[in-house]
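Values in this text are rule-based calculations from the coordinates and carry no lab data. It should be emphasised that the depicted structure is a prediction, and the values quoted were computed from it without experimental measurement. A quick note on method: Cβ atoms are made from the backbone with ideal geometry, for glycine too, and the neighbour counts reach across all protein chains shown.
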Amino acid sequence: MYTKEDLEAMTVADLRQIARENDIRLGSGLTKQGILERLCESLPLDQSPASPSPDDEQGVRHTATIVADDEDTPVLTPNVPYMRPGTSYAQPVQSPASPAPAPAAAAGQAVSGRGNVPGTNKPAFTLEGARAWHNPRSFQQPSASGYSQRSGVFGSQRPSQPAYGQQRPIQRTAPAVQRFGPEAVPADPKEDPADEPVSHSVLQSPSEIRSSYLSSTAQPEPRHREPYAAGTSALPELLASAEVTDGGGVLEIQSDGFGYLRTGNYLPGHNDIYVSPAQIRRFHLRTGDYLKGKIRPKRENETHSMLLYVVEVNGIDAQDIKEPVGFDSLTAVYPEKQIFFSSYASENRILRTVDLMAPIGFGQRAMIIAPSRSGKTALLTTMASAIHAQYPEAELLSLLLGERPEDITIARDTLPGTVIYAGFDEPTENQIRIAELTLERAMRLAEQKKDVVLLIDSLTCLCRAYSECAPQHVRILPGGLAAGSLTRPKHLFGAARCLREGGSLTIVAIMLEDTGIPLDHVIAEEFRGTANMELRLNQSGQIDYSRSMTRNAAGMLDADRLAACEKLHHLAAEKGNEAFGAYLEELMKKSADNEQLIRNII
């Protein structure tokens, strides 16, 4: 059987456990005080009074009073101890150390405060100037008739008068104790140090001070290692309510430790879902994880909905989550599996040429270098459709930066997979934000041994955004580029790799060239040699065969395809772009697909 004090000392989880054991139904949203009231009404409580503690029986405080005599130095004499409020009055006890009473004439002179002490030049000691060590107020001589009649059991009794020169004990009212909320104190607080006798002991060491402080503060048991369902006894009732819904989104962790589930275009909005730091630590969550769970809608004074319960993380049950392996700790190798585009669009000669002379594999770091109005966006759209049609298991992400709003609408309607965009009319910070979150999302998918393809249009616009958002004190390089502004874009583009442990991240990015802007030329020069596959287009949309190539293509091509690729590059170097373009066009007209063309030239 519990007492009310036992219930108040318990946590909310323990109180709800007791309620379940006794078939007491508690509604959602109850505070601890409400749960206590409900349990006190429903449970038979032990009403036996608690035994008084020894501290309450022996709380004694000693005081001292300055007594003047014929000496030049006053003497401190201890006074009679008083009993703590709530106990019976005790008769004053004369201290053995008290000096002998002075003659009546000297006492009268001291009380009246007139004249000097005989034999000395100092003024006579007066009671008005006497002060106790603990009380800064002047000493007042108590009068015999200064007490008022009290009511109660001892109403007819008059308190005993303190002896001459002794201080009347001060009655103190116990302060109100806060039992709930952030200002709560332990159920058994320490006594006031002012109530303890004064002792001149050796100072405590820092370790002793720390141990005494830790023992005097309320320390709840650590709960972050408990099972996920522990301590959430009210969760089934809350999940059963009509206001809880299912939801999800891509996690973006803030610098303060909490996070938000971004929905739609990966930009902050009113539909974002708040994720607490405790859930982020419990499930080892990182930016880019896709979460599903139970969502509580936002209330009157809240700005976002809240994630109450995590169900899945990246498609894995929350109870099976283990500490993940970082993307940077995985081993990068050259691509080993080719992506065939011509099988989807055999009539597209550019895609057939890509498969023959500049093949792209899963894990490729490909760059399409082209001027404006060369058909690069249409080529990227065709590649996305081919990947989605022939490799449905691959995760396809398209990142559009600095595009026109109408072009974004067309891309959203035609591009498969996930489309993330930021138009030219939006702040440049939005372009940086969605680019970094998209990269984190792609890395989380690749860590799960999935083949991820990220299409970027364009990498030049992203570099411009980083240069514009650089701090004001940064040095400006020739061409208008801020020093160090290409570090993050290179990190994004360099994340493309094939992983030896499984999975890959393929990035196909567009780099603008010959735009007449010095900054674009500087950016293109900075990224020269970073890609392991380059496809160059001229102003008319034709391929520059002599400068389009794939590094180390032997790892993903069979012997026949490798021999055909080397022979075509040799012919392109001999004939030139125009003559070789006409020759290759004739070969494609005579063959229905690339397999037949390869058999004809080897």
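Brief remarks on what is shown
- Once both labels are positioned 7 Å from their Cα atoms along Cα-to-Cβ, the gap between His491 and Arg547 label points is 3.1 nm.
- Spin-label pair Asp6-Ser343: with each label point 7 Å from Cα along the Cα-Cβ axis, the two points sit 7.2 nm from one another.
- When only Cα pairs below 8 angstrom with a gap of at least 6 residues are kept, the stretch 237-324 shows a relative contact order of 28 percent.
- Computed E for Leu477/Glu429 - FRET, C-beta separation, R0 22 angstrom, nearest 0.05: 0.50
- For Ala482, distant residues with modelled amide H under 5 Å away: Leu477
- Put simply, the amide H of Val311, placed in the peptide plane, has neighbours under 5 Å in Lys292, Gly293, Lys294, leaving out anything fewer than 5 places away on its chain.
- Sparse-neighbourhood loop sites, trypsin sites (Lys or Arg not before Pro) in the stretch 539-602 - DSSP loop, at most 16 other Cβ within 10 angstrom: Arg547, Arg551
- Candidates per trypsin sites (Lys or Arg not before Pro) in the stretch 424-499, loop by DSSP, up to 15 other Cβ within 10 Å: Lys449, Arg475
- Formal net charge of residues neighbouring Ile523 (Cβ-Cβ distance under 14 Å; K, R +1; D, E -1): -2
- Length gained on full extension, Arg528 to Ala582: 16.6 nm, using 0.36 nm per residue less the C-alpha separation.
- Relative packing of 358-370, 337-349, which averages over residues the other C-beta atoms within 10 Å, highest first: 358-370, 337-349
- Descending by average beta-carbon neighbour count within 10 Å, the peptides 512-521, 391-400 line up as 391-400, 512-521, the highest first.
- In this structure, the pairs whose alpha-carbon distance is over 32 Å, taken from Lys298/Lys450; Lys294/Lys322; Lys298/Lys449; Lys450/Lys590, are Lys298/Lys450; Lys298/Lys449; Lys450/Lys590.
- Average projected area [Cα convex hull, the stretch 237-324], square nanometres: 6.1
- Sites Glu468 and His270 - FRET efficiency at Förster radius 30 Å, r taken between beta-carbons, to 0.05: 0.65
- In the stretch 332-601, the inverse of the mean reciprocal separation of distinct Cα atoms equals 19.2 Å; this is its Kirkwood hydrodynamic radius.
- Nearest-0.05 FRET efficiency for Ala559 and Glu336, computed from C-beta distance (R0 22 Å): 0.90
- Positive-end residue, the stretch 488-540 charge dipole about Cα centroid, Cβ charges, pick of Met511, Phe493, His521: Phe493
- The phi-based Karplus calculation (6.51 cos²θ - 1.76 cosθ + 1.60; θ = phi - 60°) puts the 3J(HN,Hα) values of the stretch 277-294 at x, 5, 5, 5, 6, 5, 9, 6, 7, 9, 4, x, 6, 9, 10, 10, x, 8 Hz, whole numbers, x for Gly and Pro.
- The alpha carbons of the stretch 497-582 stretch over 42, 40, 17 Å along the principal axes, in descending order.
- Those lysines that a straight Cα-Cα span of less than 22 Å connects to Lys589, excepting residues fewer than 8 apart in one chain: Lys567, Lys575
- Dipole of the stretch 332-601, positive direction: furthest Cα of Gln472, Phe362, Leu401, with charges on the beta-carbon: Phe362
- Neighbours of Val474 by Cβ distance under 14 Å: Lys/Arg scored +1, Asp/Glu scored -1, total +1.
- Fully extending the segment from Asn301 to Ala389, taken as 0.36 nm per residue of separation minus the present Cα-Cα distance, adds 27.0 nm.
- Rounded to the nearest 20, the size of the Cβ-charge dipole of the stretch 332-601 about its Cα centre is 480 debye, with Lys and Arg at +1 and Asp and Glu at -1.
- When Thr3, Thr438 are sorted by how many other C-beta atoms sit within 10 angstrom of their C-beta, beginning with the fewest, the order is Thr3, Thr438.
- Between the stretch 335-391 and the stretch 405-472, the Cα center-to-center distance that results, in Å: 19
- With a simple spin-label model that places each label point 7 Å from the Cα along the Cα-to-Cβ direction, the separation between Gln319 and Ser255 comes to 4.0 nm.
- Within the stretch 237-324: Cβ-based charge dipole about Cα centre, in debye rounded to nearest 20 (Lys, Arg +1; Asp, Glu -1): 100
- Label point at Asp514 placed 7 Å out along Cα→Cβ; residues across the stretch 456-478 whose backbone nitrogen lies under 20 Å: 458-461
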